[in-house]
Every structure is written in C-alpha cells, then in structure tokens.
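Structure record follows, encoded as structure tokens.
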C-alpha cells in the first residue's frame, strides 16, 4: 500500500523495526525510523540506514517532511539524516523545516553536516525536560536523559489532547517509569533484548513489561528488535506482555501503520 498525502493524515508509519547493529546493518529488518503525521505536519524520527529509500517506496516523498528528530547520534538512528534534510529542502532551493537533536549530533564530530543544516530554518537542541510547541496543537516534551553511552532522549507528544510516548534506546533505570507515565494513549518502546544484559544499554522484554504495567497506556508497541528478540518471535513476546499486564501490546513490523485517531493498525492492500 503506497501512501498519499491524504492517506498519510494522522498516521504513524514504522519505516523500520531493526534494533542494534546486527539487525539494522545486516538487513534483517528495515531501519528507516518512525514517520508521524499530526494533522498534516510531518515529522521523521530517527531516519536510520535506508530511510530515504524506505519512505519513497512507501509513497512518502521526503520533501513532504516538515521536521526531523534525532533521539541520538548512533548510526542506526541517523544514518540517512543528511539525505532526508537535503530532500526536504530540495537541495537547498527551498529553505524549510526544523532539525531537533542532542548537542553532540551537531557539535564535535557532527553526524549532521553543516552544509545540510544551512538549508533548514532552524536547529533545535534538545535536553532533559525541554518542552516546545512544534506545530499548532503539537507539544513535545523530552522527559529525561537516557542511559545509552551518547546523549539520548525519548519524547512525549501532546497532540489534540492525546499523549504518545517514544521510549528510545536506554538501559533500564527506575526514573523511566514516572518520566513516561504521561504517555497514556500510545507508548512505543525500543525493546532490543529478549533477556536483560547489564553490559548492554538497551531495554529487554522484561523491562518493557515493567514499564507497560506501570504506565498502562491504551496501546503499547514494541519495536527496535535485536537478534535475541527476533529469535524469541516478537509477536509472541508482545502477546505474553499483554496477557500479564492487561494492556493491548503489539510487536511492530516493517511498514506497519497506526491510525493515531483510533490507535488501530491500518489494514493495507498489497
């Protein structure tokens, strides 16, 4: 199913569900990030390797994009950011759009080229507890800095009275529970590991279950899977979490679409 401007309205597209290096760079799953449409405003979050191509194949033209958000500078989250910004501005012919990112994505050893940043309207540095109005009726909050080796932030969207959370890469720490508790409608959790591993700064299925049980959103979605999660069959892990928490829980798949008005997966024609 190829999307149009009309069919993209108020929808979230999973342009990738790959987590960590083996799955993302081994082409086991796509790593194109999350593409959100809020009442016509298009936000591309974490455009990893292949994002430019995956978006186009899905019918999403990169020049539709109004803003790009990087939760952190790891390549599986930002490898295509310069392609997306270049396309968004038509190669600099049209000064347009915003980039939201941590400071280390644009300062020393930047992952976003100065050349592409010169062609956009604004670069906004994100930090813990920062709040901003990105668009009418669209407020973003970055509740807490994550534990992930580089400067990393998840985000909570407040849109038309609904609250959607994207809990990006991090080691589990107790403050995550309260930090993401406002995400009562939709909570997306990067669940890279099946079993906890204290040496790796990623969440496990056990961690995701604890967070979901605490926040109790209307819908929880697991994504950003590593090899152990793929081996465990993410859909079965999600079903188990749903049974134990009573919260509707899905395992995302590549190109899955969620209708943000009703929080249901959109059936797609081939």
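None of the figures in this text is laboratory data; all of them are computed from the coordinates on show. Owing to the predicted nature of the structure, the values given are computational and were not obtained by experimental measurement. Positions of Cβ are backbone-derived with ideal geometry, glycine not excepted, and every protein chain shown enters the neighbour counts.
Overview of values
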{"item": "Whole-Å distance, taken between Cα centres, linking segment 81-106 and segment 235-270", "result": "31 Å"}
{"item": "Ascending count of other beta-carbon atoms within 10 Å, so fewest first, for 89, 228, 71", "result": "228, 89, 71"}
{"item": "Helix-only mean residue ellipticity at 222 nm for the chain, each DSSP H run of n ≥ 4 adding -39500 (n - 2.57), per residue, nearest 500", "result": "-5500 deg cm²/dmol"}
{"item": "Binned Cα-Cα distance frequencies in the chain - 5 Å width, integer %", "result": "1, 6, 14, 19, 21, 19, 12, 6, 2, 0, 0"}
{"item": "Å³ per residue enclosed by the Cα convex hull of segment 150-231", "result": "89 Å³"}
{"item": "Chain lengthening between residue 232 and residue 9 when straightened (0.36 nm per residue, less Cα-Cα)", "result": "76.9 nm"}
{"item": "Residue-span extension gain [residue 160 to residue 259] - 0.36 nm each, minus C-alpha spacing", "result": "34.2 nm"}
{"item": "Degrees, to the nearest 10: 205-215 long Cα axis against longest axis of the chain", "result": "80 degrees"}
{"item": "Neighbour-count order for 212, 120, fewest beta carbons within 10 angstrom listed first", "result": "120, 212"}
{"item": "Contact order relative to length of segment 117-252, as percent, for alpha carbon pairs under 8 angstrom and 6 or more apart", "result": "16 percent"}
{"item": "C-alpha center-to-center spacing [segment 157-180, segment 22-78] in angstrom", "result": "20 Å"}
{"item": "Compactness of segment 12-55 as Cα Rg over 2.2 N^0.38 Å, two decimals", "result": "1.15"}
{"item": "Computed E for residue 124/residue 177 - FRET, C-beta separation, R0 30 angstrom, nearest 0.05", "result": "0.65"}
{"item": "Fewest-first sequence of 135, 142, 225 by Cβ atoms within 10 Å of each Cβ", "result": "135, 142, 225"}
{"item": "Two-site label geometry, residue 267 and residue 113: point separation in nm, points 7 Å out along Cα→Cβ", "result": "4.5 nm"}
{"item": "Nearest-ten-degree value, helix 234-245 long axis tilted from longest Cα axis of the chain", "result": "60 degrees"}
